[in-house]
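Before any comments, here is the structure.
The values are calculated or read from the model by the stated rules, or taken from the named source; none is laboratory data. Computed from a predicted model, the values in this text were never measured in an experiment. Heads up, the Cβs are rebuilt from the backbone with ideal geometry, glycines too, and the neighbour counts pull from every protein chain shown. Protein only, heavy atoms only, side chains kept; ligands, DNA and RNA dropped before computing areas. Shrake-Rupley method; radii C 1.70, N 1.55, O 1.52, S 1.80 Å.
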Amino acid sequence: GGGFVGNPANYQAYASQLAGYVAAMKNTYGVNLYAVSVQNEPDAQVTNYESCNWTAQQIHDFVPYLYNSLAASNVASTKIMLPESQNWQDYSNLTGTAMNDAAVAADVGIVADHNYDGANGPGTLKKNSYGKALWETEVSILSGSDSTIANGVYYAQRIHLFMTVAQANAWHYWWLMPGNSTGNQGLTDTNWVPAKRMYALGQFCRFVRPNYYRIGVNSTDGAGTVLVSAYKDSASPAFAIVAINTNNAAIDQTFNQTNFSATS
């Protein structure tokens, strides 16, 4: 419900707190955190849960403090992620000031934002990743409770678009289990039974594994009812194809592999 007070003392105190948390997770529990975010939704004007508004300049100024604190706590391998705006297109441009400064950008590992842009928004998923990994880190429909296959196919299409249009490196849902009566906030319903959207996400995350890279696909489906993306393991012949049938009827689909060895 308020704005961050950006001054050297606060930057250092908060950087030390975050780095201390990362170090405690490693030293106490053996958990090596891959990345830490500067702030959850620094553009959110809310008072009903913990929040804090930041400016682009404050994010820029804070990053070196966090980078140095992570190094001082012997957890320099944990990447810094920003800005995690509410919307995918980061309408307040909280990313630009930091990423257009080469010295600060060198300390950043991931450009990330949420996707609360409406059911089919934003108008374009393409955005500048500044040469960094690009993550979608939170999304759900914040009202209602729909566990149907139609909802599952809807999210399968959204993931497909983030992989192929936004060319994101990671896609995340909000909650595993809803913490209130709004079932759509979780991958399960309010009774913790997996919703169809969990299985749709599983078609990607179960088969498209770490070190897989997306490879080219040419589709001859003129109706556009089958969405196909493919991924190749960089360290082995393994690969995965994810095909989404957006039609209500079954479709026979043929996949022809080009430039694959006989042992693939």
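Here are the numbers for this structure:
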| item | result |
| --- | --- |
| Heavy-atom surface of the chain, accessible at 1.4 Å and reported per residue (Å²) | 54 |
| Distance in nm between pseudo-label sites at residue 157 and residue 50 (7 Å out along the Cβ direction from Cα) | 3.7 |
| The range 122-264: Rg to Rh, with Rh as the Kirkwood radius over Cα pairs | 0.99 |
| Simple label model, 7 Å out from Cα along Cβ direction - residue 102 to residue 167, nm | 2.2 |
| The chain: relative contact order as a whole-number percent, Cα under 8 Å and 6+ apart | 12 |
| Rounded to the nearest 20 debye, dipole of the chain from Cβ charges on Lys, Arg, Asp, Glu | 660 |
| Relative contact order, percent, the range 75-134 [alpha-carbon distance under 8 Å, six or more residues apart] | 42 |
| Extension reserve of the residue 225-residue 124 stretch, reckoned as 0.36 nm per residue once the Cα distance is removed | 34.3 nm |
| Net length gained if the chain between residue 233 and residue 182 were fully extended (0.36 nm per residue, minus Cα distance) | 14.6 nm |
| Kyte-Doolittle mean at least -0.5, axial Cα span of 18 Å or more - DSSP H helices of the chain | 8-29, 56-72, 149-164 |
| The range 1-94, dipole about Cα centre (Lys/Arg Cβ +1, Asp/Glu Cβ -1), debye to the nearest 20 | 360 |
| Residue-span extension gain [residue 149 to residue 72] - 0.36 nm each, minus C-alpha spacing | 22.9 nm |
| Percent carbon-and-sulfur accessible area, the chain, ignoring ligands, DNA and RNA, probe 1.4 Å | 51 |
| Over the range 30-112, relative contact order from alpha-carbon pairs under 8 Å, at least 6 apart, % | 38 |
| Reduced Cα scattering model of the chain, Debye log10 I(q)/I(0), q = 0.07, 0.14, 0.17 Å⁻¹ | -0.29, -1.10, -1.41 |
| Neighbourhood net charge (13 Å Cβ-Cβ; Lys/Arg +1, Asp/Glu -1) for residue 155 | +1 |
